[in-house]
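Contents: one structure, followed by commentary.
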Amino acid sequence: AIAVNPLFGRGLGTGAIILLLDQRTEVASAHNEYLRLLVDVGVVGLIVYVVGLVACTLRERKYYDRSQWTMFIAVLLALAAYSYTDNTLTSPPTLVLFFAISLFVQKARYEKEGYYDDPYEYTYEDAI
């Protein structure tokens, strides 16, 4: 399926259709996000996805201290490894993880730029 149009793929969602039409298999997906992206969006789409993810990650680096950055990279590497065994971009539990990562990024950005108010820094006397 990749050989038909290796540069731009066959279109979003076609990997599942190709597998369903194949009489030799009973699965509906390749359970590998990189293979699915190669079939759906081709080499160009896969490169755009990976470069975009790396660029966004590096752009946010300035907002983290060392321990936050280490945890952030560990989560992203685990997600990248998990993508070899499942379709992570179409899996609801994984999308929740992406959402949690985006909240973590925004929290770090707001703390660094001074927009984030810590609710625990106020005392009872401040409220009166």
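If each of Y34 and I101 carries a label point 7 Å out from its Cα toward its Cβ, how far apart are those two points in nm?
1.5 nm
Work out how much length V43 to E111 would gain on full extension: take 0.36 nm times their residue separation and subtract the Cα-Cα distance, in nm to one decimal.
This chain segment gains 20.7 nm when fully extended.
Could you sort E113, E60 by accessible area so the largest value comes first, with the probe set to 1.4 Å?
So, going from the largest accessible area down, we get E113, E60.
To the nearest 0.05, how large is the calculated FRET efficiency for I2 and V51 if R₀ is 22 Å and r is the Cβ-Cβ distance?
0.65
Give a quick list of chymotrypsin sites (Phe, Trp or Tyr not before Pro) in the range 42-108 that DSSP marks as loop, anything other than H, G, I, E or B, with at most 14 other Cβ atoms within 10 Å.
The qualifying sites are Y84.
The values are calculated or read from the model by the stated rules, or taken from the named source; none is laboratory data. This is a predicted model, so every value here is computed, not measured. All Cβ positions, even for glycine, are placed from backbone atoms using ideal geometry, and neighbour counts span all protein chains on display. What goes into the accessible areas is simple: the full protein's heavy atoms, side chains included, and nothing from ligands, DNA or RNA. Shrake-Rupley method; radii C 1.70, N 1.55, O 1.52, S 1.80 Å.
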